[in-house]
Amino acid sequence: MWEVRGGQDVASTGKVNQIVYIVKMTPLKPDRRGNAARIRAAARVLFLERGYGGTSMDAVASAAPVSKRTLYQYYPGKAELFSAVVAEVWGRFTSAPPLTEPADADPRTLLRSYVDRLITHWDQPDVIAFLRLLIAEAPRFPELAPAYHQAGKQHLNSGLAAYFAELQRAGHLRGAGDPALAAAQFLGAVKEPLFWPRVLGGTLAFPVETVVEAALDAVLAPSART
């Protein structure tokens, strides 16, 4: 099977040229030797050490170590490899039990636990490092932002939005607006004071518990138990 793919090539002049290339899609053999995991581990180190632009597929193959043919069998391009690494990093959080509990479960307790897990995830050095990498290199490589979103944040956002829809149906959510928007606002109320200082190397201006309780008060209706 053949697949036509599109991409961009940055010439030595700095000019971005559109390119079209054809990749022969071959079925992958079972990864008995752990090739894919070694490739992702090597790529994660190289991306963080050299940046996205400074990391070549040849360097990843050498560091894994695997043949270039094996590398391209698993990941036909650097963008696909970056997405796989991001998915693995975010998978530590998204693989945890989702927000699906009995209907009589306390929303505040559930969401407190959810935020605790999220903060633990943020405290992992490579989570922050990959976001810094994205911010630094996205202007040169616009494919990075959608890859980061689809491989990582999208699962976080959609899972929380689905739970907020359940809260709204149970009468536990403030207002009758879009529950997905309410979920995004809840995340924003938590991330602004607790996440971005970590990214920028600053210190927290407010205690974690104060931030979380204020965010819960903003989205949960009085009917939600305390």
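Summary table
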item: From the options Arg140, Arg117, Arg112, residue that is modelled with pLDDT of 85 or more and either among the acidic types (Asp, Glu) or under 16 Å from the mean Cα position of the chain (by Cα) (or both); result: Arg117
item: Output for segment 126-180, where each listed residue is of a type in the set (Asp, Glu) and part of a helix (DSSP H, G or I); result: Asp126, Glu137, Glu166
item: The lone exception for Ala96 - which of (1) modelled with pLDDT of 95 or more; (2) of a type in the set (A, V, I, L, M); (3) assigned by TED's automatic domain parsing to the domain that holds Thr120 it fails; result: (1)
item: Selected residue [aromatic (Phe, Trp, Tyr), in contact with a helix residue (DSSP H, G or I) (Cβ under 8 Å, 6 or more places away or on another chain) and not in a helix (DSSP H, G or I)] from Phe206, Phe186; result: Phe206
item: Complete set of residues in segment 143-167 that are without any contact (Cβ under 8 Å) to a residue 24 or more places away in the chain and closer than 16 Å to Lys78 by Cα; result: Ala145, Pro146
item: Matching entry among Ala224, Ala165 (being touching a strand residue (DSSP E or B) at 6+ places or on another chain (Cβ under 9 Å) and outside the structural domain of Pro107 (by TED's automatic domain parsing)); result: Ala224
item: Total residues in segment 170-188, condition surrounded by fewer than 16 Cβ atoms within 10 Å (Cβ to Cβ) and either touching a Pro at 6+ places or on another chain (Cβ under 8 Å) or at pLDDT below 90 (or both); result: 4
item: Top-ranked residue in segment 189-201 [being crowded, with 16+ Cβ neighbours inside 10 Å and more than 18 Å from the chain's Cα centre (by Cα); ranked as nearest to Gln124 (Cα to Cα)]; result: Pro193
item: Residues being without any contact (Cβ under 8 Å) to a residue 12 or more places away in the chain and not small (Gly, Ala, Ser) - total across segment 33-51; result: 3
item: Per-region count, segment 141-160, residues of a type in the set (Gly, Ala, Ser) and within 15 Å of Leu118 (Cα to Cα); result: 3
item: Options Val199, Val190, Val115; residue that is in contact with a Lys or Arg (Cβ under 8 Å, 6 or more places away or on another chain) and touching a residue at least 12 places away in the same chain (Cβ under 8 Å); result: Val199
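The values are calculated or read from the model by the stated rules, or taken from the named source; none is laboratory data. Please read all numbers here as calculations on a predicted model, not as lab measurements. So basically every Cβ, Gly included, is an ideal-geometry build from the backbone, and we count neighbours across all protein chains shown.
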